[in-house]
Amino acid sequence: MQPDLRVLMRNFATGVCVATTFSDETDGRRHDAVTVNSLTSASLDPPLVSLYLRIGSVFLADLLAAKKWAVSILDHRDKEVAGLLAKDRQTRAGTLAALAASPGRATGALVFDAASWIECELWDSFDVGDHTLVVGRVVAMGEGPRAPALVFLHGRFHAISPSIAG
């Protein structure tokens, strides 16, 4: 019997981020946000990062249409936010309306008060199995005050103190 990849990957700790994008509609701009743990630094020159998003998701469709997105890297205080933004679009919309976020200056995608954040313009995208890899060129970034990091391990969120990390 083959091991279940999802169960197996629970043994790999990942950082927790919120990706944001938008769609411009007749009644104005509609923002969306989703929790992700697949952020990867892909290149330093040029500065590129990547995310994997589920094929068929409305968030992915909006990102590919806007060609702009932002990622806010969460810290331990954002555990509840991460859980709520991992849910369906209606739940995410209600959560997003209650959060402190502002449109990024370079992209217009929402940026949260977080440990750090980046704004990206779509560089390329590739379908990979049941996900799409989106690669973004970093056009702006910033850092907030350091706090224990939020990681996902064994199916739950955990705080990692900088003193533990070395």
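Some values worked out for this structure:
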quantity	calculated
Accessible area per residue, Å², the stretch 66-166 with all protein chains present, probe 1.4 Å	56 Å²
CD proxy at 222 nm, helix term only [per DSSP H run n ≥ 4: -39500 (n - 2.57); per residue of the chain; nearest 500]	-5000 deg cm²/dmol
The chain, accessible surface, carbon-and-sulfur percent (1.4 angstrom probe)	55 percent
Extension gain, ILE160 back to THR26 (0.36 nm per residue minus Cα-Cα distance, nm)	43.9 nm
The chain - Debye-derived log10 I(q)/I(0), Cα point model, q = 0.11, 0.17 Å⁻¹	-0.44, -1.07
Separation of alpha-carbon centers, the stretch 1-47 and the stretch 59-122, rounded to whole Å	10 Å
Per-bin percent of Cα-Cα distances, the stretch 38-105 [10 Å]	15, 46, 34, 5
Positive minus negative residues near PRO148 (Lys, Arg vs Asp, Glu; Cβ under 10 Å)	+1
Residue-span extension gain [GLN2 to LYS87] - 0.36 nm each, minus C-alpha spacing	27.8 nm
Rough spin-label spacing in nm, given labels placed 7 Å along Cα→Cβ, for THR14 and ALA147	2.2 nm
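The values are calculated or read from the model by the stated rules, or taken from the named source; none is laboratory data. What you see is a predicted model, and the numbers here were worked out from it, not measured in a lab. Cβ atoms come from the backbone with ideal geometry, glycine included; neighbour counts cover every protein chain shown. Just the protein is used for accessible areas: all its heavy atoms, side chains included, with ligands, DNA and RNA removed. Shrake-Rupley method; radii C 1.70, N 1.55, O 1.52, S 1.80 Å.
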